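Everything below concerns the one structure shown next.
We did not get these values from a lab; they are worked out from the coordinates using the rules stated. What you see is a predicted model; the values in this text were computed from it and never measured. Quick reminder, even Gly has a Cβ in these numbers, built from the backbone with ideal geometry, and neighbours come from all protein chains shown.
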Amino acid sequence: MTVTLTEKAAFRLRNFLRGSTDETKGVRVAALDGGCSGYEYSLDITSQTNPDDKIYEQDKIRIFVDPKSDPLLDGIVIDFVESLVQSGFTFNNPNATDTCGCGKSFSVGDCTPEGVSCS
């Protein structure tokens, strides 16, 4: 599976999806151009799928990933953390060669979807 949710992340996402009668609703996970390191993570609730989307399911949560983001996010683990100074979703991406201090931005090698190493 390309995207893995921890138990805490799945619990939080189910809360966002709870009460919806739309069975097509799920979570779109993407890597968008931008951020201070080249790409930034995006996590949205949606019921719109694109014909090329990869669709995964974990813990009764549908996860949509577009073809450009799929190789950038292959193997990513999404968690939810809560502390006195921070709460929110975190991303542990094995493809990231560099990350921003905020944890919401990353780069992969030469910033191509294939993640070609800079060396």
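Counting other beta carbons within 10 Å of each residue's own, what order do Ile78, Ile61 fall into, fewest first?
Working: Ile78 25, Ile61 18.
Ordered by Cβ neighbours within 10 Å, fewest first: Ile61, Ile78.
In plain terms, the residue of Val29, Val77 with the fewest other Cβ atoms within 10 Å comes first and the most crowded comes last, giving Val77, Val29. A full extension of the chain between Thr49 and Asn15 corresponds to an added length of 10.2 nm, given 0.36 nm per residue minus the alpha carbon distance.
Residues in the stretch 63-73 carry Karplus couplings, in order, of 10, 9, 9, 6, x, 5, 6, 3, x, 6, 10 Hz; the curve used is 6.51 cos²θ - 1.76 cosθ + 1.60 with θ = phi - 60°, and Gly or Pro positions show x.
Amide H to amide H distances under 5 Å link Val108 with Thr97, where only residues 5 or more positions off or on other chains count and H is placed in the peptide plane.
Amide H contacts of Asp74 (H built 1.01 Å from N, in plane; Pro and chain starts excluded): no residue 5 or more places away or on another chain comes under 5 Å.
One chain, two ends: Lys68 and Glu82. Fully extended at 0.36 nm per residue, the span grows by 2.0 nm beyond their Cα-Cα distance.
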